[in-house]
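Take a look at the structure set out below.
The values are calculated or read from the model by the stated rules, or taken from the named source; none is laboratory data. Values in this document were obtained by computation on a predicted structure and should not be read as measured data. Cβ: placed from backbone, ideal geometry, glycine included. Neighbour counts: every protein chain shown. Surface accessibility is based on the protein's heavy atoms, side chains included, excluding ligands, DNA and RNA. Shrake-Rupley method; radii C 1.70, N 1.55, O 1.52, S 1.80 Å.
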Amino acid sequence: MISVEEALERINQHATTRAPRMIRSVDSLGLVLAADIKSDIDSPPHDKALMDGYAVVASDIVPGVELTILEEVTAGDVPTKPVTAGTATRIMTGAPIPDGADAVVMVERTEVVGNNGTTVRIDFDAAQPGLNIMPRGESVREGDVVLRSGRLIRPIEMGVLAECGATEIAAYKRPSVAILSTGNELVPPEKRPNAGQIRNSNGPMLKALVQRAGSDAVNLGVGRDERADLDRLVQRGLEEDVLVLSGGVSAGVLDLVPEVLASNGVEQVFHKVHLKPGKPVWFGIKQDPRGDRLVFGLPGNPVSSLVCFELFVRPALASLAGQAFGNVERRTACLATTHSRYSDRPTYFPARLFERDGQPQVEPLAWKGSADLRTLADANCLALFPPSENEFAAGVVIEVFLI
Ligand code: AMP
Ligand code: MG
């Protein structure tokens, strides 16, 4: 059986970034840039006022100086008169600085005098040239690379793209992920399970995990443990970049997923990984001219499904989308209480990470095993306990994975 590290290495080999395409930048939130972005203008595009006040010649400013008001310029206007010694233009934040002016005195330090309002008195000791002015191009020069290829597009990047006129950009496609829950016992959440049945909790959970990972989820619903039904749904699932199945990969008589995948041309890369929970996890690929299809068979127990998704599927989705393979945040923390449930397999144990006296501490929860999703809901991390024959004493440092 291979280790988690070996499994990740093999997934990484197959999780190659998909071809980029052109997309409207307003639709690009969460995508990764596939080319550098250059600005088509200087920004700001003109020397601009950073205050409401008066545009003046800085050398004019001495306490109590009176200047003749030439005109009023608001943001969106263009000044028509040059400012010369002894004159000033009333100016609002964002408006272009008139020729000749090299400082803006804030309105709070001024007073309009005379009864026709044509003169302003300035109550300011001295103005340095450049006072309250942002020069043209100070933030961005035309032709500058403002965002590099590989940058994740967050709301801030969307603003920069707009500022720099990049309305169509090259970006990696959001991976599409088909989700197929398998099991004769599964009923939808709105139904009360009859004898022998359980509700399909993996379907909604995996869909949400896919969406939170920034991919598009295509929910294929529930597949029965029959070759024909699984065959049809697997074929449909292989239309997407990634197919994630839950259930049917263990050693039961109706665990048909591996053979149905094989008969649909999906090549097994590995089956079973040395970890707990999640040992039966299956991974394979199907070659496809649109980009090889990645297929993950996650064990049916919900906690195993979640652990395997976080460990194996999420890093692969990041890589397909142009980000680094990985993406799961790891920390170290001190074990807050003694932990005596040990195993011969590395165990990802539902736990709570918190701080005490500024130190990260992790407390394993009273988890009842792979089917106990309810306890996992109280966890904010998985504590990784390496294989051991001894208990883990309070205070030892262990690795945790944020979920
Ligand atoms: P399997 O991996 O198909 O052997 O399933 C292992 C366990 O997980 C069984 O107890 C199943 O009933 C349960 N299980 C399988 N699929 C789901 C699901 N979609 N939601 C909740 N439990 C499931
Ligand atoms: Mg099953």
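List of remarks:
- When 68, 80, 89 are checked against the criterion of being over 30 Å from residue 23 (Cα atoms) and in a loop (DSSP other than H, G, I, E, B), 80 stands alone in meeting it.
- Residue in the stretch 321-343 that is without any contact (Cβ under 8 Å) to a residue 40 or more places away in the chain and surrounded by 18 or more Cβ atoms within 10 Å (Cβ to Cβ) present: no
- First in the stretch 287-302 and closer than 23 Å to residue 377 by Cα and open to solvent by 20 Å² or more (accessible area, probe 1.4 Å), second anywhere and of a type in the set (Val, Ile, Thr) and within 8 Å of ligand 1 (Cβ to nearest atom), Cβ under 9 Å, 6 or more apart: 300/182; 300/249
- Among the residues of the stretch 120-136, some residue qualifies, meaning at least one is of a type in the set (Gly, Ala, Ser) and over 30 Å from residue 165 (Cβ atoms).
- Test: residue 209 is assigned to a helix (DSSP H, G or I) and within 16 Å of ligand 2 (Cβ to nearest atom): no
- For the stretch 153-200, the set of residues classified as of a type in the set (A, V, I, L, M) and open to solvent by 60 Å² or more (accessible area, probe 1.4 Å) consists of 156, 162, 195, 198, listed by residue number.
- In the stretch 242-286, the residue that is nearest to ligand 2 (Cβ to nearest atom) out of those that are part of a helix (DSSP H, G or I) and crowded, with 17+ Cβ neighbours inside 10 Å is 257.
- Hits in the stretch 104-120 - residues which are more than 24 Å from residue 133 (Cβ to Cβ) and part of a strand (DSSP E or B): 113
- Listed by first and then second residue, the pairs linking a residue in the stretch 221-239 that is open to solvent by less than 90 Å² (accessible area, probe 1.4 Å) to a residue that is more than 16 Å from ligand 1 (Cβ to nearest atom) and part of a helix (DSSP H, G or I), with Cβ atoms under 8 Å apart and 6 or more places separating them unless they lie on different chains, are 231/263.
- Scoring residue 109 on the criteria (1) touching a Phe, Trp or Tyr at 6+ places or on another chain (Cβ under 8 Å); (2) over 22 Å from residue 97 (Cβ atoms) leaves a single failure, condition (2).
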